[in-house]
Structure formats: C-alpha cells, structure tokens
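These notes concern the structure reproduced below.
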Amino acid sequence: MNLASFKELTRSSRSRGAISALAVAVVVFVIVGIAVEVTFLPKASTPSSGATTTATGCQGPGSASGSPSTPVKAAVDQLIQYFNSRDVGGLSNLYAADACVTWSGAPGLDGNYLGQGNIKILYGSSIGKTSVLNASIATYNEKPASPTSVDVSMTIMMHGNSSVVGGMNATIDATQTWSYNGGHWQIVKENWNYKVFKVQFPVSSTTFPQWGAMKTGKSLNLVSEKSFEWNAGPYVAASVYAFLFGIAAIGLIKYKARPRDD
C-alpha cells in the first residue's frame, strides 16, 4: 500500500467515524426530545374549585377589604384607557385572580371566561388583534353594595380595525362588580352583552378546540386532541431542526471526504 492510498483510507475511516458519531448524536437528541414531550406534557385535570361556572354564568363576588382611597369610576375610566391603548396586560390586571367574565352576542367569542389568565387570553385574541381601537362610555350608572363593592352598569361604544375581522363596530351593555382589595379596585364579575356586533369579515369560531374548553370553564389540558400540539410543539420543532442540521452536516462531511485528484 503506497502513502497516497494509506492517507485516503485514513481519511475515509475518519469521515465514516464522524458521520456515525453525528448520526448517533442526532438520534439521541430526537429521542431525548420525545422523552421530554411525553414526560412534561400536561395531563388532563379537572378545573379548580375556584374556577367554576353555574347555569347562569359566573359566581358572585368574593371578599373585599380596606377603605377605598379612589372612586370606582376612576378604575372604570382606566379600563377604557387600556382599551384605547390596546394594553392587554393592563386590562387583565384590572381583574381579580378568580374573576369571571361572560360575553354574549359576539359570534366566536361567546362564553364564560374564568380566571385572570383566561381573561388575558380573551383580550389578547380580540383586543390584541386590533390595529386601531376607540372605546367610549355612552351611559354610566353605579350602585354601591357596600363601601368596598360597587355594581356598575354602562353602555360601551367601540369601533376599530382588527387583523382577524377587519373593520368592527360594537355597542355593548356591560355590567360589572368591582371589589376593593389590596389597595385597588378590581373586577370580580363582568357581563358583556353585545347589542351590536358588526365586523367586516365575520367569524363563527376559532381554530383551536382549547378556546371552546376555556369558555366553558374547563381546563385547557382536557382537550387531548390538540394539547400535544400546543404543549409539545417547541420540542418537536427543535427535534426537526436538529435532524435537518444533522443531515446537512453529514452531507458536508461527505463532500469534504470525497477523493481529490493530487
């Protein structure tokens, strides 16, 4: 065996070794990714006792404490300001952790939304999709149930433009129960009855079945047919990218290892 043949044989052996090692690494990464998906994929669970729905919608308000330092109208005005600035985080922070919101008369959005987290999803999927939004209060009334609990009824006029439904125009009869707790006012119960809901591109429902589960107060993880895609999606994507990277790397190693004319 001459020196050139020996070098070629050595190069080929190293290339095959590198390819084998890389292939093993890719396979191991994919297997680990699948194991993580199976291990950490949320299991079906029942709704918590604090997030229940009744035949008439939401439960009554919880406990309140403290002595209000500002009128509830100031909090209502802040709510409208958050709508106009399309501030989903600010809006959701005005709701108690166990708040309940009921929307009716808005196709695709009707339902009960239990808990601050689900309310934030509601606003993120509606208000958060708008590029322009103008909200104003047409009529307003409030009735104190106690110094720390006030029932508010008002008519909200809203118009704007959304990336989902296009131009929109709505008139809402809203009722709210505000509770003063922890030094600020929060909504514990709210009903929105859309008397007018006109959109440029009507929609009847959302693509994801989790939306329907959320609106009826069920755990999102109970929807088994989509929970894998929702929760395991990032791991699957990482596995796919690792596999494609491995294929590209193997091709590059083979290209560099091909025989060259001296």
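The values are calculated or read from the model by the stated rules, or taken from the named source; none is laboratory data. These numbers were taken from a predicted model, which means no experiment stands behind them. FYI the Cβ positions are ideal-geometry reconstructions off the backbone, even for glycines, and counts take in every protein chain you see. Quick note on the areas: whole protein, heavy atoms, side chains included, nothing else; ligands and nucleic acids left out. Shrake-Rupley method; radii C 1.70, N 1.55, O 1.52, S 1.80 Å.
Quick look at the values:
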item	result
Portion, in percent, of the accessible area of the range 58-208 that falls on carbon or sulfur, probe 1.4 Å	51
ALA74 versus ALA138: modelled label distance in nm, points set 7 Å from Cα along the beta carbon direction	2.9
Spin-label zone in the range 170-193 - amide nitrogen under 20 Å from a point set 7 Å from the Cα of SER67 along the C-beta vector	179-186
Local electrostatic count at ASN141 - Lys and Arg +1, Asp and Glu -1, tallied over other residues with Cβ under 13 Å	-1
Proximal charge balance of THR175 [Cβ under 12 Å; K/R count +1, D/E count -1]	-2
Area of GLU190 that stays accessible when all protein chains are in place (1.4 Å probe, Å², to 10)	0
